[in-house]
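Undergrad: I have a structure I would like to understand better, so I am pasting it below and will then ask my questions one at a time.
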Amino acid sequence: MIESLNIPKPDDFHVHLRQGSLLKLVTPFTAAHFSRALVMPNTEPPILTARDAVNYAAELRSASPQGMNFQPLTTIKLTKLTTNVSVENAAAVGVLAAKFYPQGMTTNASDGPVNLHDLQPGVLDAMQESDLVLCVHAEAVGVFCLDREIAFLPELDEYVRVFPRLRIVLEHLSTRGAVEAVEGWPANVAATVTPHHLVLTLDDLIGSELHPHSFCKPVPKTLDDQRALIRAVTSGKPKFFLGTDSAPHWRTAKEESGAAGIFNAPVALQVLAQVFEDAGALGRLGDFVAAFGADFYRLPRNRDRIELVRRSVRIPNDYEGIVPLWAGREARWSLTGQTPLQ
Ligand code: DOR
Ligand code: ZN
C-alpha cells in the first residue's frame with residue numbers, strides 16, 4: 001500500500017477568494033496548498049477591467065502569507081457592456097481568462113448576459129486574437145435546474161465551431177453529458193472538475209434532511225454523473241484538470257439564505273487523494289492537479305513539491321465561521337509540512 005505521495009505543488013484553476021475580511025481569511029488556505037490560483041471575478045463589485053484586475057491581484061498578494069510563493073492569476077467578468085477594448089486591455093496586463101456567468105445562474109450573476117449571443121460583437125474575436133481563455137459557467141437560463149448544463153451544450157457547440165482557436169474551459173462539470181461533450185470537442189476545449197462534484201450527489205443535498213453546506217451550482221447530480229466525472233479525472237486525459245471552485249460563504253449565509261458554494265480549499269487535495277486512491281489511480285493525481293491545467297493555460301509546470309501522507313485527520317467543523325467540505329469527517333490523507341490548517 002502506498003504510504004506517501006510526493007507531487008508537484010498543485011494549481012487551482014478556479015477559486016473564489018472574495019474580498020475584504022473574507023478574502024483575508026480564506027486566501028492563506030489556497031496559498032498554503034497551491035502554487036497558483038485562477039481567481040474568479042464575481043466579487044461585489046466585480047472585476048470588469050484591466051485596472052480592477054491589477055488592483056485585485058495586489059489585494060490578493062498582500063493577503064498571502066510571506067514566503068508561501070503563491071501567485072494569484074486574474075480573470076475579468078464578461079457582461080453585456082464588455083467591449084473588445086476591455087478584453088485587449090485585460091490581456092495586456094496579464095489577465096488570463098474572462099468568465100461568462102449566465103444571468104442569475106449563481107452568486108453575483110444577476111447582471112450577466114443571458115447567453116453568449118448577448119455579448120457585444122467582437123468580444124469573442126478579441127479574446128481569440130489576444131489569447132484570453134473563455135471560462136464558462138455552462139448552465140442555460142430558464143431551464144429546469146438539473147437540466148441546465150446539458151441544455152447549454154448545443155449553444156457552446158456552435159461557438160466551438162465558429163472560434164476554432166479560442167481556448168474554452170467548461171467550469172465545474174457536473175454531468176456525464178458534459179464529460180462526453182468535452183471529450184468530443186477539439187483540444188482547445190477543456191474542463192475543470194471540483195472535489196465536491198466527485199464526492200457529492202443530490203442525495204447529500206436533499207436525500208435526507210436538507211444540507212445547505214452541500215449546496216453549490218451546478219447542483220451535484222446523480223450517481224451516474226458522479227461516476228462519469230470520476231472516470232474523466234482518473235483517466236489521465238489532459239482535458240480534465242483541477243478547479244476547486246472553493247466558494248466560501250459565512251455559515252449564516254449558507255444556513256439562513258441558502259447561498260450556493262462549498263468551501264473546500266483546506267481539504268481539496270486530501271479529498272482528491274482519497275477519490276483517486278479509491279479509483280485505483282493515485283499515480284494520476286499529480287497530472288490532474290499540477291500538470292494538465294498548467295499546460296492548457298500555457299504556464300510552466302511548477303517546481304515546488306508537496307507531500308501527502310496516509311494519516312487520518314478529522315476535518316474541522318468550521319474555520320472561523322466558514323464550514324468546509326467534509327466538515328467533521330475523517331480524511332484518510334493529509335499534507336505534510338507547511339500546512340497550518342488542521
Ligand atoms: O456554488 C457556486 N458558488 N457556484 C458558482 O458557480 C459560484 C460560486 C460562488 O461564487 O459562490
Ligand atoms: Zn465558481
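The values are calculated or read from the model by the stated rules, or taken from the named source; none is laboratory data. Nothing here was measured: the structure is a model prediction, and the numbers come from that model. Don't worry about glycine lacking a Cβ; one is built from the backbone with ideal geometry, like all the others, and counts go over all protein chains shown. Ligands, DNA and RNA are stripped out before the accessible areas are found, and what is left, the full protein with its side chains, is counted by its heavy atoms. Shrake-Rupley method; radii C 1.70, N 1.55, O 1.52, S 1.80 Å.
Undergrad: Using a 1.4 Å probe on the protein chains only, how many percent of the accessible area of region 183-314 belongs to carbon and sulfur?
TA: Details: 2620 of 5220 Å².
Roughly 50 percent of what the probe reaches on region 183-314 is carbon or sulfur.
Undergrad: Hey, if you put +1 on the Cβ of every Lys and Arg and -1 on every Asp and Glu Cβ in the chain, which of L282, V219, A109 ends up farthest toward the positive end of that dipole?
TA: So the residue we want is L282.
Undergrad: Quick one: net charge of A91's neighbours, Cβ under 10 Å, K/R +1, D/E -1?
TA: On the way: positive: none; negative: E88, E129, D131.
Taking every other residue near A91 into account, the sum is -3.
Undergrad: Accessible area, 1.4 Å probe, largest first: how do E59, E155, E44, E171 sort?
TA: Working: E59 65, E155 35, E44 120, E171 0 Å².
Largest accessible area first, the list is E44, E59, E155, E171.
Undergrad: Counting Lys +1, Arg +1, Asp -1, Glu -1, what net charge surrounds M1 among other residues with beta carbon under 14 Å of its beta carbon? Intermediate results must be reported in sequence, preceding the final value.
TA: Values: positive: R310, R311, R332; negative: E3, E277, D278.
Charge balance near M1 sits at 0.
Undergrad: What does the convex hull of the Cα atoms of the chain come to per residue, in Å³, rounded to a whole number?
TA: Working: hull volume 41.8 nm³, N = 342.
Here the figure is 122 Å³ per residue.
Undergrad: Roll a 1.4 Å probe over the protein chains and send me the accessible area per residue for the chain in Å². Each step should come with its number before you reach the end.
TA: Values: 13330 Å² over 342 residues.
Roughly 39 Å² per residue, with all protein chains present.
Undergrad: Using only alpha carbon pairs under 8 Å that are at least six residues apart, calculate the relative contact order of region 109-240 and give it in whole percent.
TA: Values: 174 pairs, mean separation 29.6, N = 132.
Taking the mean separation of contacting Cα pairs over the length of region 109-240, I get 22 percent.
Undergrad: Also: Which pairs break 27 Å Cα to Cα here: K24/K237; K77/K239; K80/K217?
TA: Numbers: K24/K237 35 Å; K77/K239 23 Å; K80/K217 22 Å.
Where the Cα-Cα span goes over 27 Å, the pairs concerned are K24/K237.
Undergrad: Also: As a test of the formula, what do you get for the chain when each DSSP H run with n ≥ 4 contributes -39,500 (n - 2.57) and the sum is divided by the residue count, at 222 nm and rounded to the nearest 500 deg cm²/dmol? Could the numbers behind the result be given before it?
TA: Numbers: 13 runs with 120 residues, N = 342.
Calculated from helices alone, the mean residue ellipticity at 222 nm is -10000 deg cm²/dmol.
Undergrad: Spelling out what I want: for every residue of region 110-124, take phi, set θ = phi - 60°, compute 6.51 cos²θ - 1.76 cosθ + 1.60 (Karplus), and round to whole Hz; glycine and proline get x.
TA: Here the 3J(HN,Hα) series is 5, 8, x, x, 5, 8, 5, 5, 6, 6, 5, x, x, 5, 6 Hz.
Undergrad: Under the definition of Cα pairs under 8 Å and six or more residues apart, what whole-number percent is the relative contact order of the chain?
TA: Values: 718 pairs, mean separation 61.2, N = 342.
Result for the chain is 18 percent.
Undergrad: Relative to the longest principal axis of the C-alpha atoms of the chain, give the angle of the C-alpha long axis of helix 148-162, reported between 0 and 90° and rounded to the nearest 10°.
TA: 50
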